[in-house]
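The values are calculated or read from the model by the stated rules, or taken from the named source; none is laboratory data. Worth saying up front: this structure is predicted, and the values here are computed from it rather than measured. Cβ atoms come from the backbone with ideal geometry, glycine included; neighbour counts cover every protein chain shown. These accessible areas exclude ligands, DNA and RNA; they are computed on the full protein's heavy atoms, side chains included. Shrake-Rupley method; radii C 1.70, N 1.55, O 1.52, S 1.80 Å.
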Amino acid sequence: MSEPQAVPQTLMEAIRYFSDPLTCIQLFARLRWTNGQAECPRCQAKHVSFLSTRLLWKCLDCKKQFSIKVGTIFEDSAIGLDKWMCAMFLIANCKNGASSYEIARDIKVTQKSAWFMLHRIRDAMRTGTFAKLSGEVEVDETFIGGKARNMHKAKREAKITGTGGADKEIVFGMVERGGKVVTGHVPARTKKDLQPIIKERIEAGSAIFSDALKSYDGLANEYRHAVIDHAVEYANGNVHTNAMENFWSLLKRGLHGTYISVEPFHLFRYLDEQTLRYNERHITDADRFVQLCSNVVGRRLTWNQLTGKNDVGRDSGADSAADSL
Ligand SMILES: [Zn+2]
C-alpha cells in the first residue's frame with residue numbers, strides 16, 4: 001500500500017480525507033499496526049497481501065481474508081470506516097460531546113446506529129490506570145441528573161431513603177492541579193465510599209483540598225489536608241476546589257445540554273469520555289484523534305453487553321435503546 005498523507009487537523013479536513021475508503025484504511029492501518037504492516041489476526045503472520053479491489057487483506061500463510069476492522073471496536077459493524085473515523089474525530093474534539101442525534105445527522109446513519117457507535121467509541125476512551133495523582137490535588141463530589149420516575153421502584157426507594165441527593169447519581173472526582181482528573185460513579189458519599197478511592201489514587205504526602213464534607217475527616221493522617229467551607233467562602237488563598245468545579249461544569253454542560261438524559265448504568269461511559277478530553281486538553285485535535293484511534297484495538301463492546309439484553313440485534317428495529325440518547 002502506498003503512503004497515506006498526514007492526519008487531518010480539522011473537522012473539514014477530516015470529512016474530505018475520510019471520504020476515500022482506501023485513504024481511511026491506509027491511515028488506520030498505520031495507526032494500529034507497527035509501520036502500517038498488516039498482521040493476520042488468526043495466525044499473526046505478516047506474510048499478507050492487500051486485495052485493493054475488495055479492500056481486504058489475504059493471509060498468505062493461513063489463506064484467510066481479514067478486514068481492517070477485525071479485533072477492534074469496529075468489528076462486525078456494517079458502517080464504513082469513513083463514518084467511524086468522522087464520528088471519532090467529532091467525539092474526540094467536541095468539548096461538550098456530540099449526541100447520537102447530531103452524529104446521525106452529520107454522518108448519515110440512523111440515530112440508533114449512532115448511539116451504538118458512540119458507546120463503542122466511549123469504550124475506547126476508557127483510560128487505563130496511570131501514575132497516582134500527586135502535588136496539589138482537589139477532591140469533590142457532585143450530583144448528576146436522576147429522574148426518580150425513570151428508575152426501578154426498588155432502586156428508587158433505596159435512593160430516596162439513603163443518604164445524599166435522593167434521586168440523583170453521585171460522581172466523585174479528584175484532579176491534580178494542572179494535571180489529570182480521575183472520576184468515578186459512586187453509590188454514596190460516605191467516608192467508606194470515598195476514602196479508599198483517595199488512598200488508591202493519590203500519592204501519600206500530597207496536599208488535598210476539599211470542602212467541609214465529614215467524609216474527608218481523617219485524611220490529615222496521610223496527607224496535608226486543607227478544607228474550604230463552602231458555606232462560608234469559595235476560596236481562601238490556594239485553598240479551593242476550583243479546578244474540580246471547572247471539570248463539573250464541563251461534564252454537566254455535556255450531560256444536560258448535549259445528551260438530554262443518561263441511564264445511570266451508562267453514566268461511567270460519559271465520565272470516561274469527558275475525562276479523556278480533559279486529560280488530553282493540552283494536545284491538538286489531530287493528536288487527540290490519533291490517540292483515540294490507537295485505543296480501539298483489542299476492545300469490543302457488543303450490543304448485548306451494552307444494553308444488558310439478549311438476542312436484540314442492533315438492526316432488529318424498536319427497542320428501548322432509543323429511550324435515552
Ligand atoms: Zn493467517
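Averaging the Cα positions of each part gives two centres, and for region 220-255 and region 79-96 these lie 33 Å apart.
When the Cα atoms of region 11-111 are aligned to their principal axes, the ranges along those axes come out at 46, 24, 24 Å in descending order.
Across the alpha-carbon set of region 213-284, the Rg to Rh ratio works out to 1.06, Rh being the Kirkwood radius. For region 176-300, the spread of Cα coordinates along the three principal axes comes to 42, 29, 28 Å, biggest extent given first.
Which sequence of PHE89, PHE143 reflects their accessible areas, 1.4 Å probe, from the largest down? Write out the running numbers ahead of the final one.
Details: PHE89 5, PHE143 60 Å².
Ranked from most to least accessible, the order is PHE143, PHE89.
Computed from backbone phi, the HN-Hα couplings of region 271-281 come to 5, 4, 5, 5, 5, 5, 4, 5, 5, 9, 6 Hz, rounded to whole numbers (Karplus: 6.51 cos²θ - 1.76 cosθ + 1.60, θ = phi - 60°; Gly and Pro given as x).
Note the full-extension length gain between SER49 and THR127 as 0.36 nm times their separation in residues minus their Cα-Cα distance, in nm to one decimal.
Details: separation 78, 0.36 × 78 = 28.08 nm, distance 3.39 nm.
That works out to 24.7 nm of additional length.
Here LYS69 is the anchor, and the aspartates and glutamates within straight C-alpha reach of less than 13 Å, apart from those fewer than 8 places off in the same chain, are GLU39, ASP82. Projecting the alpha carbon convex hull of region 166-243 along each direction and taking the average yields 5.6 nm². Each peptide in 167-177, 187-197 receives the mean, over its residues, of other Cβ atoms within 10 Å, and ordering these scores from highest gives 167-177, 187-197. A 1.4 Å probe, protein heavy atoms only, puts the accessible area of ASP287 near 80 Å². Applying 1/(1 + (r/R0)^6) with R0 = 35 Å to the Cβ-Cβ distance of HIS282 and LYS63 gives a FRET efficiency near 0.15. For the peptides 135-142, 240-247, residues were scored by their other Cβ atoms within 10 Å and the scores averaged per peptide; the highest-first order is 135-142, 240-247. Could you tally up the Lys pairs in region 160-297 with alpha carbons closer than 15 Å? Skip any pair fewer than 8 positions apart unless they're on separate chains. Going through region 160-297 pair by pair, I get 4.
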